[in-house]
Amino acid sequence: MSVEVERKFVCDADIQKRLEGVGAVCIGHCEFQDRYYDSADFHLTLRNVWLRCRQGSWELKYPTVTELEDRGEASLCSRYVEMTNLPQIQLKVREIMSESVNEQEGKEGGCASNTHPVHGDRASTGATESSPADHAWLAELKLVCFANYITVRRSFGFKEEGVRVDLDQADFGYCVGEIEVIVPEGEDTQPALKKIRNTAQKLGLSGDQRVQGKMDVYLQTYCPEHYTKLLNAHIL
Ligand code: V4E
C-alpha cells in the first residue's frame with residue numbers, strides 16, 4: 001500500500017505554460033471514468049473512506065493516522081492511504097461496514113433511502129460492465145454507486161523525483177490541478193510535503209485556502225444534502 005500526499009490548486013489558463021517554464025514535462029494524457037460506491041446511509045464516506053472503480057480497477061482511499069492527528073497543513077495538503085488489492089479492499093470495507101451496524105440501522109441516507117441519484121443517465125451500479133459475480137460483494141454489502149464521472153487528465157513530471165502534477169477536467173465542468181507525491185506506507189511524509197511546498201512555490205501558487213476537489217463539486221451539485229453532512233463532519 002502507498003500514501004498519496006497531495007495538494008490541489010486552482011487551474012488557470014496559463015498553468016501549462018508555467019509548468020513548462022519551471023521544467024515540467026508532459027508525461028501523459030488520459031481519460032478515465034470513476035464510479036464511487038457507498039451504502040444508502042453513506043456509511044463509508046461519512047468515515048472519510050472512498051471506494052471507487054476506475055476503468056475496472058478498484059481503489060480504496062482513507063486518511064493516514066498522521067492526517068487525522070495533525071491537521072496542520074490539512075487545508076492545503078492531504079495524506080490518504082491508497083489500497084488497490086481487491087481482496088484487501090473487500091476485507092477493509094467489510095470491516096468498516098460491520099462497525100456499528102446496529103447504530104446505523106434505520107437511519108436515513110443523505111440523498112435517498114436506498115439508492116443514490118447519479119449524474120446523467122449512466123448505469124447506477126456499473127454492474128453492466130462485468131459479470132454479476134464481480135459485483136456480488138457490492139450487492140451483499142448493499143453498496144451502490146453514488147458518483148460517476150469522467151476525467152480528462154494531463155500529467156506533468158519534474159526532474160525532482162517523485163513529484164507529479166495532474167491537470168484534471170471533469171465532465172461536469174470542473175477543472176482542478178493536483179501536485180502529488182506517492183510515499184510507501186509507514187514512511188515519513190514530511191519530505192513529500194516539502195517537495196509539494198517547493199513545487200507550489202515555483203508555480204506561484206500562493207493561495208492558502210483549501211481548494212475543492214472534483215468530488216466536492218460533484219456532491220455539491222448532485223447530492224447537496226450529503227455534501228453538507230460531509231462539510232459539517234469536516235470530511236470535505
Ligand atoms: C480522498 C477523497 C476523495 C476520493 C477522490 O480523491 P481525489 O484524490 O480527490 O481524486 P482524483 O480523481 O484526483 O484521484 P487520484 O487520481 O489522485 O487518485 S473525495 C474526497 N476525498 C477526501 C479529500 C479531502 N478531504 N481533501 C482533499 C484535499 N482531497 C481529498
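The values are calculated or read from the model by the stated rules, or taken from the named source; none is laboratory data. Because the structure is a prediction, the values reported are computed rather than measured. Note that each Cβ is placed from the backbone with ideal geometry, even for glycine, and that neighbours are counted across all protein chains shown. To get the accessible areas, we keep the full protein, side chains included, count just its heavy atoms, and leave off ligands, DNA and RNA. Shrake-Rupley method; radii C 1.70, N 1.55, O 1.52, S 1.80 Å.
Identify all residues within the stretch 1-15 that are surrounded by fewer than 16 Cβ atoms within 10 Å (Cβ to Cβ) and either in contact with a Gly (Cβ under 8 Å, 6 or more places away or on another chain) or in a helix (DSSP H, G or I) (or both); write none if there are none. Passing the criteria: only VAL10. Does ARG94 satisfy the criteria of being away from the ligand (no atom under 11 Å from the Cβ) and either surrounded by fewer than 14 Cβ atoms within 10 Å (Cβ to Cβ) or modelled with pLDDT of 95 or more (or both)? Criteria met by ARG94. Figure legend. Inter-residue proximity from the stretch 22-34: first residues more than 15 Å from SER57 (Cβ to Cβ), second residues among the aliphatic types (A, V, I, L, M) and in a strand (DSSP E or B), beta-carbon distance below 8 Å, spacing 6+ or different chains. Indicated pairs: ALA24/VAL165; HIS29/VAL152.
Filtering GLN33, GLN55 for residues that are open to solvent by 60 Å² or more (accessible area, probe 1.4 Å) and within 12 Å of the ligand (Cβ to nearest atom) leaves a single hit, GLN55.
Every condition in (1) farther than 20 Å from ASP208 by Cα; (2) not hydroxyl-bearing (Ser, Thr, Tyr); (3) not in a loop (DSSP other than H, G, I, E, B) holds for ARG18 except the one numbered (1). Selection of strands (runs of 3 or more DSSP E) fully inside the stretch 140-236 by the criterion of at least 2 residues being among the hydroxyl-bearing types (Ser, Thr, Tyr) and open to solvent by less than 40 Å² (accessible area, probe 1.4 Å) returns 144-157.
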